[in-house]
Amino acid sequence: MSNILVTGGCGFIGSHTTVSLLEAGYNVIVIDNLVNSSKKVLERIEKITKKNVKFYQEDLLDGKALNDIYEKEEITSVIHFAALKAVSESCEIPLVYFNNNITGTINLLKTMERNNVKSLVFSSSATVYGKPATVPISEDFPIAALTVSNPYGRTKIMIEDMLRDIYKADSTWNIALLRYFNPIGAHESGEIGENPNGIPNNLLPYVAKVAVGELECVNVYGDDYDTPDGTGVRDYIHVVDLAEGHIKALEKLKTNPGLVTYNLGTGTGYSVLEIIKNFEKACGKKIPYKIAERRKGDIDTCYANPEKARLELGFEAKRGIDKMCEDAWRWQSKNPKGYC
Ligand code: WQD
């Protein structure tokens, strides 16, 4: 039986991936410091799957605690989500982001190596591409080390670079770098979903909070981009599709591929105004918005070429924008204040 250690397993993508792993017959051990998530998620995961999840409330910065877990558990592979990920916050406290995301990852990798567990799926991001010269974006596009506009995105590039160097030095590692585009939506049960602390940075949870009456009005950050309606275009992917992509990546690692890199996106872009319109359809309410100044660091358009994941992982996003908005609305309307 495969035992998968999921770091950050109480988070948005981590919790949905844990559900998919359990449903696919894996045993799951979650480690999470709960700094940006709730332990309540575990009850919800067990309610959905009728399976229990081993949980350790530990921090990746605590090397001893991490090693104790490896000694107690027979870990087969690791899926590494744990990270601070608020773009604007990372600009205010870069050192906290570098320590948490980079040092935490180094501790994890050292513990894996010491215990001879060399199978890793890493949660990377389309942010590593910076502002692409053209779209759709393929995996061989240049990494924008110089132009990525924030420390959060830079930690993703730095960790990818570390993993590429580790693999060059020791080809017995099997590593899948998964570059997510814009994950949104929720499990169709409405039991788990996106639950950002405070005012959401990202579009979809902000729109959902306006729909449920927690926030007044959506600020559309600029309508003068080089896009059909002037607002930013992104590749939104259902979080359950994304979770299923991780199962495909784990299966790929069993074939000893070495280090592999995949975009996880749909290949279709939607603008901010299109997202608002689709969400209005899902919730049956008008979503008030106003055009505001552009947000620093935003780019016009970003969407994936999903071909490589389709050909090499057999992964294809199945859920459309309607399902993404319907599932996000069900989660938000059932949990207006999140996991309170
Ligand atoms: C989407 C679009 C905004 C909020 C970020 C990170 C990325 C990943 C996903 C972690 C843009 C517009 C947004 C709002 C708006 N995160 N917008 N009003 O910036 O594409 O990606 O989140 O891994 O790494 O960079 O996502 O949802 O913040 O923005 O108009 O209140 O919505 O300008 O065009 P983004 P987003």
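Throughout, read-outs are computed from the coordinates displayed, never taken from laboratory work. Keep in mind that this is a model prediction, so the values were computed, not measured. Neighbour counts are summed over all protein chains in view; Cβ atoms, including those assigned to glycine, are modelled from backbone coordinates with ideal geometry.
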A student applying the Cα gyration tensor rule (rounded when a/c is under 1.5; otherwise prolate if a/b is larger than b/c, oblate if not) would label segment 232-273 prolate
For Y221, distant residues with modelled amide H under 5 Å away: A292
How large is the translational diffusion coefficient of segment 275-326 in µm² per second when you combine the Kirkwood radius over alpha carbon pairs with Stokes-Einstein at 37 °C and 0.692 mPa s? 230 µm²/s
Show log10 I(q)/I(0) for segment 186-340 at q = 0.20 Å⁻¹, two decimals, from a solvent-free Debye sum over equal Cα scatterers. -1.27
The aspartates and glutamates whose Cα lies under 13 Å from the Cα of K248, excluding any fewer than 8 residues away in the same chain, are E312, E316
Span per principal axis, largest first, for the Cα atoms of segment 98-179 (Å): 42, 25, 18
Per-peptide average of other Cβ atoms within 10 Å, ordering 193-199, 150-156 highest first: 150-156, 193-199
I'd like the per residue volume of the convex hull spanned by the Cα atoms of the chain, given in cubic angstrom. 124 Å³
So which of K118/K308; K156/K277; K156/K318; K47/K277 end up more than 28 Å apart, counting from Cα to Cα? K156/K277; K47/K277
Antiparallel bridges, percent of DSSP beta bridges restricted to the chain (to nearest 5): 5 percent
Nearest-0.05 FRET efficiency for E216 and S138, computed from C-beta distance (R0 41 Å): 0.55
Taking every alpha carbon pair in segment 297-339 and sorting the distances into 5 angstrom bins from 0 up to the bin holding the longest one, the percent per bin comes out as 5, 16, 13, 15, 16, 18, 13, 4, 0
Hey, any idea what Rg/Rh is for segment 1-149, computing Rh the Kirkwood way over Cα pairs? 0.99
Report the convex hull volume per residue for segment 181-232, counting only C-alpha atoms, in Å³. 116 Å³
Volume per residue that the Cα convex hull of segment 24-109 spans, once the total is divided by residue count, Å³: 109 Å³
Quick shape summary for segment 155-209, equivalent ellipsoid via Cα gyration tensor, semi-axes whole Å in descending order, reads 34, 14, 8
Would you mind computing, in nm to one decimal, how far apart the modelled labels at L34 and N52 are, each placed 7 Å from Cα along Cα→Cβ? 1.8 nm
Near-label residues of segment 55-78 by backbone N, under 16 Å of a point 7 Å along Cα→Cβ of M162: 59-64, 66-67, 78
Can you tell me which lysines have their Cα less than 16 Å from the Cα of K337? Leave out same-chain residues fewer than eight positions away. K39, K40, K209
How about K72: which aspartates and glutamates have a C-alpha closer than 17 Å to its C-alpha, ignoring those fewer than 8 places off in the same chain? D32, E58, D59, D62, E113
Please compute the modelled spin-label separation between K72 and D224, points set 7 Å along Cα→Cβ, answer in nm with one decimal. 5.7 nm
